[in-house]
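See below for the structure under consideration.
Quick note: the coordinates plus some simple rules give every number you see, no bench work behind them. Quick caveat, the model's predicted, so the values are computed rather than measured. Because the Cβ atoms are built from the backbone with ideal geometry, glycine has one as well, and the counts that use them run over all protein chains shown.
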Amino acid sequence: MLDYFLQKSIKSGFKRYRRNSCFLNYNDIKAVLVFFEMEEWESVKPILEELRAEGKRVAAWTVKKESGKKISFPYYVRVLDTRVEINWMRMLTPEVLAEFDRIEYDTLMDFTYTENDYILYLLSRNKSRFCIGTMEREYKVYDFIMLRDRETGIDLYDLYWEMKNYLLQIQ
């Protein structure tokens, strides 16, 4: 019952979900928004650094875990604290949504591997031209999916490298 409003907003968001999607060659990507799991920061960090070194504007969002070690993030990483940044209906506050809506990006890379309703809610507001994911979702969110099996132990950077090589081949 607590998640009723959030689930309803997600469903409604995907009903209205409209964006002009297209496949982009890696070199045509100018600005990237990355979603990632907080505990995978050490794997995500070199990916973000590489994207920035190649001249791409990078913003990254993650959801703060209830427990775990304190991590220091660079200025372009936004940590969403769901203990503080939700209202009584368990919805993200208007300030958070406005901040998300102001981000300019042409590509979204979602490296999350667990179901998180707040990430899903943000995905329902996604306005990227090209959207890449690493897991299947209930809703059609991604233009391109590279499935990730955490049991096989494939490193996130290796998955990114495969993704990048594929995107470099798009004409």
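With a cut-off of 8 Å between alpha carbons and a minimum separation of six or more residues, what is the relative contact order of the range 4-168 in percent? Spell out each step's value before the answer.
On the way: 223 pairs, mean separation 50.4, N = 165.
Over the range 4-168, the number comes to 31 percent.
A cut-off of 5 Å between modelled amide H atoms, ignoring neighbours fewer than 5 places along the same chain, links residue 129 with 107. Footprinting exposure proxy ranking of 16, 148, fewest other C-beta atoms within 10 angstrom first, gives 16, 148. For the range 19-105, taking the reciprocal of the average inverse distance between every pair of different Cα atoms yields a Kirkwood hydrodynamic radius of 14.6 Å.
Amide H to amide H, with H built 1.01 Å from N, residue 78 comes under 5 Å of 60, 61, 62, counting only residues 5 or more places away or on other chains.
Per-residue 3J(HN,Hα) values for the range 121-131, derived from phi via the Karplus relation 6.51 cos²θ - 1.76 cosθ + 1.60 with θ = phi - 60°, read 4, 5, 4, 5, 9, 4, 10, 6, 6, 9, 10 Hz in sequence order (x marks Gly and Pro).
In the structure shown, do any of 11/164; 45/65; 15/64 have a Cα-Cα gap over 25 Å, and if so which? Long pairs (Cα-Cα over 25 Å): 11/164; 15/64. Sequence-ordered 3J(HN,Hα) estimates for the range 32-44 from the Karplus curve with 6.51, -1.76 and 1.60 and θ = phi - 60° stand at 10, 10, 10, 9, 8, 7, 4, 6, 9, 3, 5, 7, 7 Hz, glycine and proline given as x.
Mind giving me the FRET efficiency for residue 5 and residue 78? R0 is 22 Å, r the Cβ-Cβ distance, nearest 0.05 is fine. Display every interim value, and only then the final one.
Working: r = 23 Å, r/R0 = 1.03.
With a Förster radius of 22 Å, E is 0.45.
In order along the range 103-113, the phi-based Karplus estimate (6.51 cos²θ - 1.76 cosθ + 1.60, θ = phi - 60°) of 3J(HN,Hα) comes to 5, 9, 7, 9, 9, 10, 10, 9, 9, 6, 10 Hz; Gly and Pro are listed as x. Pair-distance distribution of the chain: all C-alpha pairs, bin width 5 Å, starting at 0; shares per bin in whole percent are 1, 7, 17, 22, 22, 16, 10, 3, 1, 0. Residues 161, 88, ranked from the fewest to the most other C-beta atoms within 10 Å, line up as 88, 161. The angle between the Cα long axis of helix 4-15 and the main principal axis of the chain comes to about 40°, on a 0 to 90 degree scale.
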